[in-house]
Structures are given as structure tokens and as C-alpha cells.
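The values are calculated or read from the model by the stated rules, or taken from the named source; none is laboratory data. These numbers come from a predicted model, not from an experiment. Virtual Cβ from ideal backbone geometry, glycine too; neighbours counted across all protein chains shown. To get the accessible areas, we keep the full protein, side chains included, count just its heavy atoms, and leave off ligands, DNA and RNA. Shrake-Rupley method; radii C 1.70, N 1.55, O 1.52, S 1.80 Å.
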Amino acid sequence: MKCYSTVLPEVKIIEPAVYEDSRGFFLETWNFAQYVQAGITANFVQDNLSLSSKGVLRGLHYQQPNPQGKLIYVLQGEVFDVAVDIRYGSPTFGQWVGVLLSALNRRQLYIPEGFAHGFCAVSDTVLFAYKCTAFYSPASEKGVCWNDPGLNITWPVSEPILSDKDKQYRCLSEIAREDLIKYE
């Protein structure tokens, strides 16, 4: 397994070891000891799976309180996956990183607590899996608008398919400090 830091040092790209032959392939999607060795000490408590069609954009989501760290990977298709630092007081506050994740490249993305997360399906269908460090809490659910001009994220679509909830989110600069996560 290889682990790389991104421009947001806490956000990591993981390339699992893949064992491939004429029958197909095998890889470990999670091995506590190997991830701890790579500096990822997260305690995952929930796994999620979503299916999306091309042009669907989900996010930018976070929870406060009860922030979630996530380990993300794609089982089918391809996504443009984004993490945004929303930790008030962080030296990288408001900065983002975008990574192409696909069933073909088999990359994973680790996003720790304190980051908003979103993704856009760029293939016809996407089967998207992720582990979370906190349980989903509807009362804690929050978000940042996907097209926040202050973030200037270069999404692969200009008119994505959004949920009604995701259409309502505000720009990061309009969100009260108590609704963000404090940098420590």
C-alpha cells in the first residue's frame, strides 16, 4: 500500500496493493495495521454505499457536531471527489483538493474530520463506498454550496444534478463559526 499527502496534508490518497492475475484481482480495502503505519488512525464505525448516475453531484457535506472522517473508494465507474478544509483557524481554511477516483485506478481518499466532502459522478453510473468515523446524525448535518465562488472548485460539470437539500447550502463565508469545526 502506498499513501500520499495532497495539497491539504491531512487528506491522503491511498493506493492499495493490488494482486492481479488471469482470474481477476484482489485488494484489501481496509487493514487497520497498514493504515496506522501510514498515519491514519481513524476508528471507523459505519460503512455507506451510494449509486449515482452521470452528472450527479453530492455535497459538499459535513457534520457539526459529530464530525465524520471518511475513507472513500469507487467500486464501479469514476468520480471527481473533493475535500474542503472547513476548520476555522486552519492555515488551509477554505482550500480544497480534487481527486479522480475510479474502479480502474482503485485509489482511495482519506478525508479526516474537519473537511467538507462532495463528489460528482463522471461516468454513466457510479457505485461509491465509504467508511465513516462517526455515525450519521441528521441533526448535525450541514453543508457548503457546491459552486461557492470563494472556493472556485473546478467541477467537471456546470449544471449538475443536485438534491433539494444540496441546492440550499450557503457559501463558506456565510456560515457562522459555531457551525464550522474549530482547528486544533
statement: With a 1.4 angstrom probe the carbon and sulfur portion of accessible area for segment 36-101, in percent, totals 51 percent
- request: Heads up, I need the accessible area for Phe80: 1.4 angstrom probe, whole protein in place, Å², nearest 10.
  value: 30 Å²
task: Calculate the spin-label point distance for Glu174 paired with Asn31, positioning each point 7 Å from the Cα along the beta-carbon direction, and give it in nanometres.
output: 4.7 nm
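How much length would be gained if the chain were fully extended between Asn43 and Tyr19, taking 0.36 nm per residue of separation minus their Cα-Cα distance, in nm to one decimal? Before the final figure, lay out the partial values.
Values: separation 24, 0.36 × 24 = 8.64 nm, distance 2.62 nm.
Net length gain for the segment: 6.0 nm.
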- prompt: Based solely on its DSSP helices, what 222 nm [θ] is calculated for the chain when runs of n ≥ 4 H residues each add -39,500 (n - 2.57) and the sum is averaged over all residues, nearest 500 deg cm²/dmol?
  reply: -1000 deg cm²/dmol
query: Quick one: accessible area per residue over segment 1-151, 1.4 Å probe, rounded to a whole number of Å²?
result: 46 Å²
message: Going by amide H atoms built from the backbone, whose H comes under 5 Å of the H on Thr6, apart from near neighbours?
response: Val11, Ile13
task: Just order 156-162, 64-70, 21-27, 5-11 by mean Cβ neighbour count inside 10 Å, highest at the front, would you?
output: 64-70, 5-11, 156-162, 21-27
query: Where is the GNM fluctuation largest for the chain (alpha-carbon springs, 10 angstrom cutoff): Tyr62, Tyr19, Tyr35?
result: Tyr19
- prompt: Taking the mean number of other Cβ atoms within 10 Å as a proxy for protection, how do you rank 116-128, 88-100 from highest to lowest?
  reply: 116-128, 88-100
